[in-house]
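Let me begin by presenting the structure, written as structure tokens, before commenting on it.
The values are calculated or read from the model by the stated rules, or taken from the named source; none is laboratory data. Note that the coordinates shown come from a computational prediction; the quantities given were computed from them, not determined experimentally. Here the Cβ is made from the backbone with ideal geometry for all residues, glycine too, and neighbour counts use every protein chain on show. The accessibility values were calculated without ligands, DNA or RNA, using every heavy atom of the protein model including side chains. Shrake-Rupley method; radii C 1.70, N 1.55, O 1.52, S 1.80 Å.
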Amino acid sequence: MSLSPDITEIIARARSDLRMGVPVVLCAADGSAALVMAAETLDGQRLADLRALGQTPVLAITARRAATLKARAYDGDLARVLLPPDARLPWVLAVADPADDLKTPMKGPLQTQRDGDAGLHRLALNLVKSARLLPAAVVLTLTDGEEFAARHGLTRVTLDQATPQLMRTSPLHPVVSARLPLEVSEAGRLHIFRPEDGGEEHYAIEIGQPDRAVPVLARLHSACFTGDLMGSLKCDCGPQLRGALLQMGTEGAGVLLYLNQEGRGIGLANKMRAYSLQDQGFDTVEANHRLGFEDDERDFRIGARILSLMGFSSVRLLTNNPAKITMMEDNHIKVVERVPLKLGENAHNHAYLATKASKSGHLL
């Protein structure tokens, strides 16, 4: 019946539940099931209630975070850390969040699970990451997940349906566009695109009337609240945004895609956590790894999809990041020219830019 939620809508519910500290139930086709709570939003009472169910819970963390904690990641991309019998909420948060790693570096030895399947734990981590939370989840095995979810009114997510759904880019649909005169060009127009998965909307700023038959000057710009709006000196995002728009205005045509993927796709809260780690002496890549993330969690396929929806098939791409070029080409947008965009270096972000060049391959 169409009134029932489909898997996309169920996942959106699960993300919302996890952000609010509400557990969700994950189920696999073989009958295995697990109760999952995001470590970041877990509270002491729910942890006590979970322990009262009698099983030994585990804390699923990514291999990146496990490497920082010197915990064995037997599952390759993740580790299942057994919660000690006396572990309380502060212990869980200390393992999940690197904020106090230097102050209290000895958290172990951590015992990790090596037997059994980790498919539900992997799904749990993908869910909390997609909810822009710390990539750590408390997981407890259940004997009858469907019955448990029904009895407690919890969202139930199935592994075989959710896994491919989380790996793909959500379909996007144009919502509205309207004329928007800008400082760089009075011939501006703003387009809004909304994903089907309930995620944040993305925007396209069109300058002039670009000819769809020739390569358009384009920029994929990831949202940066601190740089774009606050004038932060820790990055070069604000100057790049304004410089790209100015160049489009000068040429009379272009399209800037403003993608809501803050902090390389980890969200503003986690980005601030990374900034705090940078103040402790870690570079931007090391900070992301200590948090449990990869160097870059963004999905540039979104940009290619928006360009296609707007009728563009080839671009002159304003970027210093070769990964954007590769992703465009892999998603049927031809990049006929890379247009450098070297702006905004200062004393505060010099090391940050150097790290992007040496570790992330940016052409600076």
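Some points to look at:
- Shown is the FRET efficiency for E251 and M272, computed with R0 = 35 Å from the Cβ-Cβ distance and rounded to the nearest 0.05: 0.45.
- Dipole magnitude of the stretch 7-67 about its Cα centre (Cβ charges: Lys, Arg +1; Asp, Glu -1), debye to nearest 20: 200 debye
- Close amide H partners of V216, meaning residues 5 or more places away or on another chain with modelled amide H under 5 Å apart, are S314, V315, R316.
- The C-alpha radius of gyration of the chain, expressed as a fraction of 2.2 N^0.38 Å, stands at 1.07.
- Estimated dipole of the chain in Debye, rounded to 20 [Cβ of Lys and Arg +1, of Asp and Glu -1, Cα centre]: 500 debye
- In the full protein context, the stretch 41-111 carries 53 Å² of accessible surface per residue, based on a 1.4 Å probe and ignoring ligands, DNA and RNA.
- Only helices enter the 222 nm calculation for the chain: every DSSP H run of n ≥ 4 contributes -39,500 (n - 2.57), and dividing by all residues gives -10500 deg cm²/dmol, rounded to 500.
- Look at where the Cα atoms of the stretch 280-296 and of the stretch 12-39 average out, and the two centres are 27 Å apart.
- Normalised contact order of the stretch 1-153, rounded percent, pairs of Cα under 8 Å and 6 or more residues apart: 34 percent
- On Cα atoms only, tilt of 7-20 relative to the major axis of the chain in degrees: 70 degrees
- Among I11, I207, I192, the largest mean-square fluctuation in a Gaussian network model of the chain (Cα springs under 10 Å) belongs to I192.
- Each of V339 and A52 was given a label point 7 Å from its Cα along the Cα-to-Cβ line. The distance between the two points is 6.2 nm.
- Only the Cβ atoms of Lys and Arg (+1) and of Asp and Glu (-1) were treated as charged; on that basis the dipole of the stretch 192-305 about its Cα centre amounts to roughly 140 debye.
- Among the listed pairs K234/K342; K129/K271; K271/K334; K70/K234; K70/K103; K129/K324, a Cα-Cα separation exceeding 24 Å is found for K271/K334; K70/K234.
- Separation of the stretch 63-135 and the stretch 191-256, taken as the distance between their Cα centroids, equals 37 angstrom.
- Debye-formula intensities of the stretch 17-80, expressed as log10 I(q)/I(0) at q = 0.13, 0.28 Å⁻¹, are -0.44, -1.15 (one equal scatterer per alpha-carbon, no solvent).
- Each residue of the stretch 253-263 is assigned a 3J(HN,Hα), and the resulting list reads 7, x, 9, 10, 8, 9, 9, 7, 10, 4, x Hz, derived from the Karplus form 6.51 cos²θ - 1.76 cosθ + 1.60 (θ = phi - 60°), x at Gly and Pro.
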